[in-house]
Amino acid sequence: MKITFQQIVREILLVGAIALLASPLSIFAHGGEDHGDQKPKTTTTTAGTVSRTAQLGDFEIMLKHSPLEPDATTTGRLFITKFATNEPVGDANPTLEIESATGAVTEIPVEKTDAVGSYIARIPALPEGTYTIRTEATAGGKTSTATFSGVEIAHQEAAVETSSSSWSQTVLMVMLFLVALALFGGLSYFARQVFKNKPLEEESVSA
């Protein structure tokens with residue numbers, strides 16, 4: 001069966017369209033994943049405050065603190081509220097602990113404040129590394145535990161450098177996507193011109 005030039009162009013356009021549709025999905029998929037309400041979440045404000053939130057049954061627990069520096073104590077705030085109404089819970093009796101990559105567990109002292117459902121958490125001085133924070137709360141005779149993994153204790157300059165590197169990678173990926181989009185547009189224009197004109201004549205080349 002004879003394959004015409006127009007059929008070849010159509011196949012190229014189809015492959016290009018599939019590649020372009022797959023590229024943005026692979027680039028941006030990690031930013032929009034929905035893991036459900038049960039998975040602990042960590043956010044950082046522009047001012048640098050870190051908020052770690054988790055749902056424990058009918059309750060929500062939030063741990064807020066500044067970036068953790070090596071060998072320096074950090075004072076954070078712990079809040080426990082009802083998940084549905086955001087009403088403070090005063091009898092949850094929370095506890096906190098932090099575990100290093102080697103398995104060493106250190107207790108984080110928790111002090112109750114005058115405000116209902118609000119506590120002071122004094123995170124001890126620890127070496128640089130990656131840690132896991134666990135919080136346990138008891139309410140209504142039931143004890144629940146939430147785990148925050150990937151807690152980084154690092155110098156602030158290093159954290160800023162890592163963030164800048166991640167941003168640079170994102171910009172590079174977006175630029176590559178735009179280049180691919182421009183190439184696809186040029187190929188589409190070329191194909192339209194071919195379809196408008198008569199088929200290309202074959203030229204014979206003598207040796």
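The values are calculated or read from the model by the stated rules, or taken from the named source; none is laboratory data. All figures in this text were calculated on a predicted structure; none of them were measured in a lab. Neighbour counts are summed over all protein chains in view; Cβ atoms, including those assigned to glycine, are modelled from backbone coordinates with ideal geometry.
Brief remarks on what is shown
- Tally of residues being outside any loop (DSSP other than H, G, I, E, B), touching a residue at least 40 places away in the same chain (Cβ under 8 Å) and not hydroxyl-bearing (Ser, Thr, Tyr) across segment 56-89: 10
- Residue under evaluation Gly103, criteria (1) assigned to a strand (DSSP E or B); (2) within 18 Å of Thr147 (Cβ to Cβ), criterion not met: (1)
Results for (1) at pLDDT below 80; (2) part of a helix (DSSP H, G or I); (3) within 22 Å of Phe59 (Cβ to Cβ), shown as yes or no for each residue.
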{"position": "Tyr119", "(1), (2), (3)": "no, no, yes"}
{"position": "Glu136", "(1), (2), (3)": "no, no, yes"}
{"position": "Gly150", "(1), (2), (3)": "no, no, no"}
{"position": "Trp167", "(1), (2), (3)": "yes, yes, no"}
{"position": "Thr170", "(1), (2), (3)": "yes, yes, no"}
{"position": "Phe177", "(1), (2), (3)": "yes, yes, no"}
